[in-house]
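Sharing a structure below in structure tokens format, with a few things to ask.
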Number of protein chains: 2
Amino acid sequence: ISVWVLQADIDVAVQLLLKLKVDYKQMTGQDYKAGCPPSENSVPPDNGPAVDGADDEDTVDPWNVSTTSAKGVDYDKLIVRFGSSKIDKELVDRIEKVSGQKPHRFLRRGIFFSHRDMHQVLDAYEKQKSFYLYTGRGPSSEAMHVGHLIPFIFTKWLQDVFDIPLVIQMTDDEKYLWKDLTLEECHRFAVENAKDIIACGFDINKTFIFSDLDYMGASPEFYRNVVKIQKHVTFNQVKGIFGFTDSDCIGKISFPAIQAAPSFSNSFPQIFGGRKDTQCLIPCAIDQDPYFRMTRDVAPRIGYPKPALLHSTFFPALQGAQTKMSASDANSSIFLTDTPKQIKNKINKHAFSGGKDTVEEHRKYGGNPDVDVSFMYLTFFLEDDEQLEKIRQDYTSGALLTGELKKILIETLQPMIAQHQERRKQVTDEIVKQFMTPRPLNFNI
Amino acid sequence: ISVWVLQADIDVAVQLLLKLKVDYKQMTGQDYKAGCPPSENSVPPDNGPAVDGADDEDTVDPWNVSTTSAKGVDYDKLIVRFGSSKIDKELVDRIEKVSGQKPHRFLRRGIFFSHRDMHQVLDAYEKQKSFYLYTGRGPSSEAMHVGHLIPFIFTKWLQDVFDIPLVIQMTDDEKYLWKDLTLEECHRFAVENAKDIIACGFDINKTFIFSDLDYMGASPEFYRNVVKIQKHVTFNQVKGIFGFTDSDCIGKISFPAIQAAPSFSNSFPQIFGGRKDTQCLIPCAIDQDPYFRMTRDVAPRIGYPKPALLHSTFFPALQGAQTKMSASDANSSIFLTDTPKQIKNKINKHAFSGGKDTVEEHRKYGGNPDVDVSFMYLTFFLEDDEQLEKIRQDYTSGALLTGELKKILIETLQPMIAQHQERRKQVTDEIVKQFMTPRPLNFNI
């Protein structure tokens, strides 16, 4: 036979096989795996969930968070899936005992709900062995919303009560790799966002904020740790953890090592003087956990302690808890630049309500705070536990109307945002420069 | 039908397809490409050749060079396969005319045999638009052999005749990623190897030597270019070019961007003051070409000029031209630390001879210089063209015996190596530090 006949035979066999596979998928709901492996086209789409992709589950990874429930993601299920531990009453009490401070409302209300190795951190702290904090932000635009502040508000509290150093990574390189932005734009967003972060009140003597684009080129020790991590993680592993595909650029594929490196204290010799055994505690939203699962897997293989973690829930969009907020949709959240009037209008117009359709029905049947975004926002920002509980009861009974609930939220957020804007104005270029200069910090470890 | 029947059908279809593909390969000598893409198992082994894997061809990539011919790799075929251009008499004459110097023996004898865009470089140079040189070394051990000097000897000549700046990359990060070595070992080898490179006579006012592990952490501009390149190359592309697999670590997968970055002048703001349009000329052995094919593909997409290239043949092992030399086999080459006695013994014992078995036969039939390693080495190191031609003729006729040929090589290499060792002794730590400090260079562009 000629090569052309053979080629035609192969084409027929391929078509047959493809049809059989479609049948298989229809029958089983799964891709056929053995024999001829999946073609590139059957690989999940860019940055889609890999391990976490089963249909009935919430999707939670660094690029996608989605759920079909109006109450938001099922966080108890997430703890089981991710293999982390619940922040239970015992741990909250212990943090209170060790720090000597009333636990932050984010702890009292389960907003930071999951952890890894927090007991170990406290054990060591009780024996005078200190630790440091690491958190970060991906600067994808100038605009930050209140949800972006959650990890920073909590990290500031941790810095205050434990009196420890903090490093904040601005992943401008990541945003360049993932978004249609120039390096210069990403770097500018990093500096602008740093101003909002500084306005949260961090101690300039204990806090180092860095842009990856700057610090990678300013610290051979940081790059050495990046290379060490990159040697100990395969493409198969990042494919499994992050859902990368063969069509992803090599920058994305190797980036997880750059988010991992600040978890090791010798990435900051100016702070820790070359010590590699100071433990790291990372407060972050749960969607960042995949990076640190990878980091914790690598750590012992390169001779470093595993970072501990505190995970927060997601801050819901005004439209409801089904999705994470989008910085690109101005109506999806309250931005840090919003005026009192904008805040009022957005909440009145867009905040998803758990109330009934008419005042009469609401008085009769009561509202549902579990799906009401205004109530959810109050759990994040209203400090007084008793007042919050009274609001919950009154809303549930119908005594409190949706308009009244929204008014409480508006009057909570307006002064909070105004004060933030006032503090941000005080943040001069000189102050940003100081925070972002590699330098020794002032602490006792 | 049940899922089990369907599964069996698929297995049969897969078997049929696999058989047809084997037939196709037997008939055409090539892998079948269209339709069902290659499975992971059919991807070539770690770092093996990808595009270049057909059985009857020489293997040439950054990690493997092999051929079945005693004459060595077929370089004319390689030019066709790589899509480069032959360095013909016209180009050699032109280099002589533009530089005003007699062409280096490596050019006269086809040791640098292939190029990309060298005419463009000369066109610009004639119009007073200068260029810079970039070459490098992977410091996998302290021991360097004479073969390692080939690109440096030639690059020094280019620097002298064109009076231009030069950057030399020591890829200590690459060696850490590929070999079972610590970061500290790789960095130490980089500094030790730099001494041998400096001993080739480079102008300290025009030469910057850098370790990746140091320079990445010392230059935000270098890292910015690395990230730019990493954004514009996919895993599919490096898989095709370098034969990487899913089991390779993410450090290997992203490394090609680090070898590419010095091809762009704004990676060295201390030298070029932020100019991004100074063209780069890269003299290197042909096995490094895959890195720069990738670089040239990316360059226009990120707004930079493509680097030009000059490719050298491989320096043969003492045992014959079938393989590239190994720094780990002390008897495979002449090392830069060898004593006159070691040089003599190695050549007499190990240098593969193209001579006949007995003196009588040799006198009668003559020797074969094309496979004789001693003669090959003389083409690299004996400056006098007429003397070399006479040796060739006398050896071919049988007038010159193998022992006599080896004696000429010994007497050529002994003083050359001794002089190198003398010059290396003069290279103090202070001088190495100067060469390796990012600083302005002294030149007119």
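Based on what the data block shows, is residue B:414 surrounded by 13 or more Cβ atoms within 10 Å (Cβ to Cβ) and assigned to a helix (DSSP H, G or I)?
yes
Checking the structure you have, find out if any residue of segment A:354-375 is in a helix (DSSP H, G or I), under 28 Å from residue A:201 (Cβ atoms) and of a type in the set (D, E, K, R).
No.
Looking for something modelled with pLDDT of 95 or more, of a type in the set (A, V, I, L, M), crowded, with 22+ Cβ neighbours inside 10 Å and at negative phi - is there at least one such residue anywhere in segment B:291-303?
yes
So which residues in segment B:112-133 are in contact (Cβ under 8 Å) with a residue 60 or more places away in the chain, of a type in the set (A, V, I, L, M) and over 19 Å from residue B:292 (Cα atoms)?
The answer is B:124, and nothing else.
Would you please name the residue that is nearest to residue B:246 (Cα to Cα), looking only at residues in segment A:208-266 that are out of contact with any Leu (no Cβ under 8 Å at 6 or more places or on another chain) and aromatic (Phe, Trp, Tyr)?
That would be A:235.
Something else about it: Being crowded, with 16+ Cβ neighbours inside 10 Å and within 18 Å of residue A:146 (Cβ to Cβ) narrows it down to one of A:409, A:401, so name that one.
A:409
Of all residues in segment B:158-178 being over 12 Å from residue B:212 (Cα atoms) and in a helix (DSSP H, G or I), which is farthest from the other protein chains (Cβ to nearest Cβ)?
Top of the filtered list is B:161.
Quick check: is even one residue across segment B:436-444 over 30 Å from residue B:129 (Cβ atoms), surrounded by 13 or more Cβ atoms within 10 Å (Cβ to Cβ) and in contact with a Leu (Cβ under 9 Å, 6 or more places away or on another chain)?
No, segment B:436-444 has no match at all.
Here's something else I'd like to know. Considering only residues that are exposed (fewer than 13 other Cβ atoms within 10 Å of the Cβ) and in contact (Cβ under 8 Å) with a residue 12 or more places away in the chain, look in segment B:350-396 and name the one that is farthest from residue B:67 (Cα to Cα).
Per the stated criteria, the residue is B:364.
Can you tell me which of A:299, A:321 is aliphatic (A, V, I, L, M) and closer than 20 Å to residue A:376 by Cβ?
Being aliphatic (A, V, I, L, M) and closer than 20 Å to residue A:376 by Cβ holds for just one of A:299, A:321, which is A:321.
Shifting gears a bit: Here are some residues: A:181, A:213. Which one is more than 25 Å from residue A:118 (Cβ to Cβ), part of a helix (DSSP H, G or I), touching a helix residue (DSSP H, G or I) at 6+ places or on another chain (Cβ under 8 Å) and within 13 Å of another protein chain (Cβ to nearest Cβ)?
Just one listed residue meets the conditions, A:213.
Would you pick out the residues in segment B:328-349 that are under 26 Å from residue B:393 (Cβ atoms) and either touching a Gly at 6+ places or on another chain (Cβ under 9 Å) or surrounded by fewer than 16 Cβ atoms within 10 Å (Cβ to Cβ) (or both)?
Once the filter is applied, which keeps residues that are under 26 Å from residue B:393 (Cβ atoms) and either touching a Gly at 6+ places or on another chain (Cβ under 9 Å) or surrounded by fewer than 16 Cβ atoms within 10 Å (Cβ to Cβ) (or both), segment B:328-349 yields B:334, B:348.
Still on this structure: Show the residue pairs meeting these rules: Cβ distance below 8 Å; 6+ apart or different chains; first residue within segment B:204-223 and within 27 Å of residue B:163 (Cα to Cα); second residue of a type in the set (Asp, Glu) and in a loop (DSSP other than H, G, I, E, B).
Qualifying pairs under 8 Å: B:206/B:163.
OK, next. Among the residues of segment A:417-445 satisfying the criterion of being among the hydrophobic types (A, V, I, L, M, F, W, C) and assigned to a loop (DSSP other than H, G, I, E, B), which is modelled with the lowest pLDDT?
A:445
Is it the case that segment B:31-44 has a residue that's modelled with pLDDT of 60 or more and surrounded by fewer than 17 Cβ atoms within 10 Å (Cβ to Cβ)?
Yes: one or more hits.
Give me a count of the residues in segment B:188-200 that are within 14 Å of another protein chain (Cβ to nearest Cβ) and surrounded by fewer than 23 Cβ atoms within 10 Å (Cβ to Cβ).
2
Kindly check whether there is at least one residue in segment B:88-100 that is over 19 Å from residue B:155 (Cα atoms), in the same structural domain as residue B:280 (by the TED database), in a helix (DSSP H, G or I) and at pLDDT 95 or above.
Within segment B:88-100 (the criterion being over 19 Å from residue B:155 (Cα atoms), in the same structural domain as residue B:280 (by the TED database), in a helix (DSSP H, G or I) and at pLDDT 95 or above), the answer is yes, since at least one residue qualifies.
Within segment B:319-350, can you find the residues that are part of a loop (DSSP other than H, G, I, E, B) and either modelled with pLDDT of 95 or more or over 22 Å from the mean Cα position of the chain (by Cα) (or both)? Lay out the reasoning, then the answer.
So the first thing to find is which residues in segment B:319-350 are part of a loop (DSSP other than H, G, I, E, B), and the list is B:319, B:325-329, B:333-334, B:336-339.
B:334, B:336, B:337, B:338, B:339 - these are the residues of segment B:319-350 that are part of a loop (DSSP other than H, G, I, E, B) and either modelled with pLDDT of 95 or more or over 22 Å from the mean Cα position of the chain (by Cα) (or both).
Does residue B:371 satisfy the condition of being in contact with a Lys or Arg (Cβ under 8 Å, 6 or more places away or on another chain), closer than 30 Å to residue B:265 by Cα and β-branched (Val, Ile, Thr)?
So residue B:371 does not fit the description; no.
So, in segment B:110-145, exactly how many residues are within 19 Å of residue B:170 (Cβ to Cβ) and not in a loop (DSSP other than H, G, I, E, B)?
Residues in segment B:110-145 being within 19 Å of residue B:170 (Cβ to Cβ) and not in a loop (DSSP other than H, G, I, E, B): 7 in total.
Please work out which residue is nearest to the chain's Cα centre (by Cα), limiting yourself to segment B:233-279 and to residues that are more than 7 Å from chain A (Cβ to nearest Cβ), closer than 20 Å to residue A:176 by Cβ and assigned to a loop (DSSP other than H, G, I, E, B).
B:255
Okay, next question. Could you identify the single residue in A:239, A:276, A:306 that is touching a helix residue (DSSP H, G or I) at 6+ places or on another chain (Cβ under 8 Å), more than 27 Å from residue A:88 (Cα to Cα) and among the basic types (Lys, Arg)?
A:276
Among the residues in segment A:164-185, are any surrounded by fewer than 20 Cβ atoms within 10 Å (Cβ to Cβ), more than 16 Å from residue A:433 (Cα to Cα) and touching a residue at least 60 places away in the same chain (Cβ under 8 Å)?
No, every residue in segment A:164-185 fails to be surrounded by fewer than 20 Cβ atoms within 10 Å (Cβ to Cβ), more than 16 Å from residue A:433 (Cα to Cα) and touching a residue at least 60 places away in the same chain (Cβ under 8 Å).
The values are calculated or read from the model by the stated rules, or taken from the named source; none is laboratory data. Model, not experiment: these values are computed from the prediction. Glycine also receives a Cβ, built like all others from the backbone with ideal geometry; neighbour counts cover every protein chain displayed.
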